[in-house]
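Participant: There's a structure below that I have some questions on.
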Amino acid sequence: MGEKDNKIPVSSKIAENESYMTKKLGLGVSYDLGFRELIILKRKVHVFYLTGLCDSAIVQEIIKVLIAINDNESNQKKLPEIIENRLIHQQLEPTETMDEAIDQLLSGLIVVFVNGYKYAFVVDVRNYPGRSPEEPDTERVVRGSRDGYTENIVENTALNRRRIRDARLRHEMMKVGERSKTDVCLSYIEDVADKGLIQLIKNRIKEIEIDGISMADKALEEFVIDRKWNPYPLVRYTERPDVAANHLLEGHVIIIVDTSPSAIILPTTYFHHLQHAEEYRQTPALGTLVRWVRFFAVFLSIYLLPFWLLLVNDPTLLPPDLSYIGPTEMGNIPVMVQILLASIGIEFLRMAAIHTPTPLSTALGLIAAVLIGQIAIDVGLFIPEVILYTSIAATGVYVTPSHELSVANKAISICIIILTGFFGLIGFTIGIVLHVLFLTHMRSLRTPYLWPLIPFNPSAMLHTIFRIPAPFTNSRPSIVHPKNNYRQPDKKN
Amino acid sequence: MKEENQLEQNKREEPLSLIARAMITGFTGGVIASIAGFVMNYFNFTEISPKSFVLKSWVRASWVDGWLGTAISILIIGLLSLLIALIYYIALRKLYTMWMGVVFGIILWGLIFFVLQPLFPNIPAFVDLEVNTLVSTACLFILYGTFIGYSIAYDYHDTKEKEQKEKEQG
């Protein structure tokens, strides 16, 4: 984009505008750029539009009305005012510069030039190709709203607004990408969210100078968050507007990027990734239970395999009560290698399942379950226990609500398995300590990642361990540094 | 450093709840660490159990070996941990870094296993302990120290920051 001073103004000679558009946009070369010349009250009027991104019915209606001016009006001098008046649309904006007109045109708005007038009218008739909101695949619930974000940022912000009709809910639009000019929306509640945090995120977004962010929210996340090589997800994604609305009310900041159906929640901690909308649809007691089972599963997905490997390699560690743990025969390959092979095998299957077309997935399932698992034991490649424990750990991986977190946990688990395999007990304990210290040391936008465990915050930890009933959630989590701490008057109940 | 000076000035206004929160952290840390200690002892990660420190060295009753002994030693360690949290709060709360907690844990471990060892008749001398025991307990103390230290320092830092913000906003 050019500097502010040398922006080209809209010329009052319409031919100049046309030649500029031809040169800059390749009018006549790019087929998707449409152009229509009208003669109204003996003056030329040009309408530019982008095929496919605007609603033809509305454009036709507008042209119809413009042409009708010939029959109803006669004051040629007042033509621009008449046209402005007759452009029947609620979002009409006169613009002075060609650059802005082009930007808007390329977003799917129509631009109307009138000969002898130094402004162009921009009418918002955008209609992007896209799907209607449907329940997101990754965050299904048994009960609860079934709408999810789509690829359309306008619909997404509207879904938020439907849930929070607060006058203080802010949707700030920004453009990212020198070429792609992707819309990015920063949502927060003015008198709740931390001003410093909003400013920090805004600055980071404004600093971006890349040509385009085709990978939308993920690319943006990498610009906003400091640690590029960290395996752990430092932001939480959601495709559910109800989850996003809940976080907005808690004082979080939400970033929505156009063309992506997932919104970014900031700031996030480890325990945010372990939450799921499902437990908020259950009774608090059952929600708590669901949560504990999930915590346990996630814990197993990281530590079960290395711990079992440790006990197999060093049976003296087993207490007498548990002496039956461990394989009866050791197999032909070292157990550590077996575990690693089985883990990698499961990764194969996971990746294959993503790419396999649905009609073939049954065949894949069959290969996975019967052929690989059973035959591997029969030919003596794996011992049965390896299959059992790897399967439990793999299920734990899939129980993790956040896909990003589950993959990171798995990577860490493999590191600890290798440490344990080589260094035994010492490798295992040091591996755990390094893992915990690593998590403690991490920060997502100044927020300690393991909060509220380390640093410990009793009340927040209570909210993490138990699913507290909504009438008792009086205050917002301190980690977002809310300006207004109370969600409801304290005396209720 | 400037921030540090400002913090010195409003020392008198320090709310009691900050200490109270540090005490809760201390107790929770002690309880979690001693439970972890028992689990580690159960799986023979370490040859000494938390019980050996707080009960077995002094009390020779049959209930010590049962679940009651376990529960009581968890409670005692939780209470002792209050003292440790208090020491950290008084001496080190202003150092806003988690590494101080790690160092604190190591120092504490050295103190208990090396310096104070003669006090506990039930604990073998430092040199007689297995390597596994030394590494496991050191790891436990590192995590314990981080938990106590980082929690207290973060809470202090966060509260001060909040006060500062409120002051700026009027």
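Coordinate-derived values only; no laboratory data. These numbers were taken from a predicted model, which means no experiment stands behind them. We place every Cβ from the backbone using ideal geometry, glycine too, and count neighbours over all the protein chains shown.
Participant: What whole number of Å gives the distance from the Cα centroid of segment A:84-140 to the Cα centroid of segment A:435-484?
Facilitator: 43
Participant: Based on the Cα atoms of segment A:193-260, what semi-axes does the equivalent ellipsoid have, where each is the square root of 5 times one gyration tensor eigenvalue, given in whole Å with the largest first? Intermediate values should be presented prior to the final figure.
Facilitator: Working: eigenvalues 78, 46, 34 Å².
Ellipsoid semi-axes (Å, largest first): 20, 15, 13.
Participant: Taking the Cα centre of the protein assembly as shown as origin, sum charge times position over the Cβ atoms of Lys and Arg (+1) and Asp and Glu (-1), and report the length of that vector in debye to the nearest 20.
Facilitator: 1300
Participant: To the nearest 500 deg cm²/dmol, what mean residue ellipticity at 222 nm is calculated for the protein assembly as shown from DSSP H runs of n ≥ 4 alone, each contributing -39,500 (n - 2.57), summed and divided by the residues?
Facilitator: Only helices count here, giving -16500 deg cm²/dmol.
Participant: Here's something else I'd like to know. For segment A:280-444, build the charge dipole from Cβ charges (+1 Lys, Arg; -1 Asp, Glu) around the Cα centre, then report which of A:399, A:365, A:412 sits farthest towards its positive end.
Facilitator: The residue sitting farthest along the positive end of the dipole is A:399.
Participant: For segment A:280-444, what does the alpha-carbon gyration tensor say about shape, rounded, prolate or oblate, given a ≥ b ≥ c as the root eigenvalues, a/c under 1.5 as rounded, and a/b over b/c as prolate?
Facilitator: In terms of gyration-tensor shape, oblate.
Participant: List the pairs from A:228/B:94; A:195/A:218; A:77/A:181; A:13/A:64 whose alpha-carbon separation is above 32 Å, in the order I gave them.
Facilitator: Checking Cα-Cα distances, A:77/A:181 exceed 32 Å.
Participant: Grab every C-alpha pair in segment A:14-123, bin the distances at 5 angstrom width from 0 up to the longest one, and report whole percents.
Facilitator: Final binned percentages: 2, 12, 26, 26, 20, 11, 3, 0.
Participant: List, largest first, the extents of the alpha carbons of segment B:127-170 along their principal axes, each in whole Å.
Facilitator: Ordered largest first, segment B:127-170 gives principal extents of 61, 12, 7 Å.
Participant: With only alpha-carbon atoms counted, please give the Rg and Dmax of segment A:317-395, in Å.
Facilitator: Both quantities, over Cα of segment A:317-395: 14.7, 50 Å.
Participant: Given segment A:392-445, report the % of alpha carbon pairs whose separation exceeds 16 Å.
Facilitator: Across segment A:392-445, Cα pairs with separations above 16 Å total 50 percent.
Participant: In what sequence do A:44, A:77, B:51 fall when counting other Cβ within 10 Å, fewest first?
Facilitator: Neighbour counts put them in this order, fewest first: A:77, A:44, B:51.
Participant: Which value, to two decimals, describes the C-alpha radius of gyration of segment B:18-157 once divided by 2.2 N^0.38 Å?
Facilitator: 1.04
Participant: Compute the Kirkwood hydrodynamic radius of segment A:303-352, taking the inverse of the mean of 1/r over all pairs of distinct Cα atoms, and give it in Å to one decimal.
Facilitator: About 12.2 Å for segment A:303-352.
Participant: So, in nm, how far is label residue B:130 from label residue A:65 when the simple model puts each one 7 Å beyond its Cα toward the Cβ?
Facilitator: With each label placed 7 Å out from Cα toward Cβ, I get 8.6 nm.
Participant: Now a separate question. Quick check: Cα centre of segment A:257-313 to Cα centre of segment B:25-70, how many Å?
Facilitator: 30
Participant: Is the shape of the protein assembly as shown best called rounded, prolate or oblate, per the rule: a/c under 1.5 gives rounded, else a/b larger than b/c gives prolate, else oblate, with a ≥ b ≥ c the square roots of the Cα gyration tensor eigenvalues?
Facilitator: Verdict is prolate for the protein assembly as shown.
Participant: List the residues of segment B:81-107 whose backbone N lies under 17 Å from a point placed 7 Å from the Cα of residue B:19 along the Cα-to-Cβ direction.
Facilitator: Output list for this probe position: B:81-94.
Participant: How charged is the neighbourhood of residue A:266? Take every other residue with its Cβ under 13 Å from the Cβ of residue A:266, and add Lys/Arg as +1 and Asp/Glu as -1. Show your work: numbers first, answer last.
Facilitator: On the way: positive: A:202, A:204, A:236, A:443, A:446; negative: A:194, A:217, A:221, A:226, A:250.
With Lys, Arg at +1 and Asp, Glu at -1, the neighbours total 0.
Participant: Between the helical axis of B:67-92 and the dominant principal axis of chain B, each derived from Cα atoms, what acute angle in degrees is found, rounded to the nearest 10?
Facilitator: With rounding to tens, the tilt is 30 degrees.
Participant: Give me the Kirkwood hydrodynamic radius of segment A:145-268 in Å, from all C-alpha pairs, to one decimal place?
Facilitator: The answer is 14.4 Å.
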